[in-house]
1. When the Cα atoms of the range 73-177 are enclosed in a convex hull and the volume is divided per residue, what value in Å³ results?
2. Report Rg(Cα)/(2.2 N^0.38 Å) for the chain, keeping two decimals.
3. Checking understanding here: applying a Kyte-Doolittle mean of at least -0.5 and a length along the axis of at least 20 Å (C-alpha), which whole DSSP H helices in the chain pass?
4. What's the FRET efficiency of residue 18 with residue 152 using the Cβ-Cβ distance as r and R₀ = 41 Å, to the nearest 0.05?
5. Calculate for the chain the 222 nm mean residue ellipticity that helices alone would give, adding -39,500 (n - 2.57) per DSSP H run of length 4 or more and normalising by residue count, nearest 500 deg cm²/dmol.
6. Could you count how many Lys pairs in the chain have their Cα atoms under 19 Å apart, skipping same-chain pairs fewer than 8 positions apart?
7. What is the spin-label model distance, in nm, from residue 65 to residue 192 if the labels are put 7 Å beyond Cα along the C-beta direction?
8. May I ask you to derive the FRET efficiency for residue 179 and residue 102 from their Cβ-Cβ distance with R0 = 30 Å, giving the value to the nearest 0.05?
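Read-outs throughout are calculated quantities, based only on the coordinates presented, and are distinct from any laboratory measurement. In this text the structure is predicted, and so the values were computed from the model without any measurement. Don't worry about glycine lacking a Cβ; one is built from the backbone with ideal geometry, like all the others, and counts go over all protein chains shown.
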Amino acid sequence: MNREGQGVNIEETHQFLEYKIETARGDTRSKPEVVRADIARAYRTAKTRADELLHEAEASVAKQNRALRRKAFVPPPGTEGGDARSRRDAADRAAMIEDPREAAEILRRAEDHGDVILAAAVAERAYDQAAMVGRIGKDTGWSTVLGEYTAERPTVRETLAQLADVPDMNNPAHRMQLAMRYAVQKPSEIEHLSDAQITALADSED
């Protein structure tokens, strides 16, 4: 632990704050208001670093999510019709699909005609819709559409299994879990103060 720094990870940041709190509380020669100001400074430092780490974690998760989605649903370079414009057109068409039965039919036709770009776009639409309805405890058939796409694509199945282990930042529960991991609890000496009051106390002269 770097006692003068802010911690390179959330565990060290918590350790930093605990050390500063213990040091301040152990200073029996200082007035209570001085001790509170020291604790406020330590808390602000730790909270600022924790917020930075949370943003870094969210960015890392988003990057990992994008990479795995691309691996699962973007055909490899050299695929016929795999240029950016074709992929965008296919994605726009897939985004208009609201019924999984329609998605299944379009997927089958795309597969029959060797249109791997459209098939992948429909599969990604099915993945997104299945994830969305899954959050409210319902499956209206989108997972079946996705299963039809992955049935003969083991690499895609493996990639989606990896993706399932990555927090979904569109899921409020996942965002809350990540935020809680990087939360910093206010010490008892300042727990009744607002953030603005803590800042004012931390900036006060001893």
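1. Spread over its residues, the Cα hull of the range 73-177 gives 108 Å³ apiece.
2. After normalising by residue count via 2.2 N^0.38 Å, the value is 1.51.
3. Correct list, ordered by number: 116-135.
4. For R0 = 41 Å, the calculated efficiency reads 0.15.
5. Working: 9 runs with 142 residues, N = 206.
That calculation yields -23000 deg cm²/dmol at 222 nm.
6. The result is 5.
7. 4.0 nm
8. With a Förster radius of 30 Å, E is 0.20.
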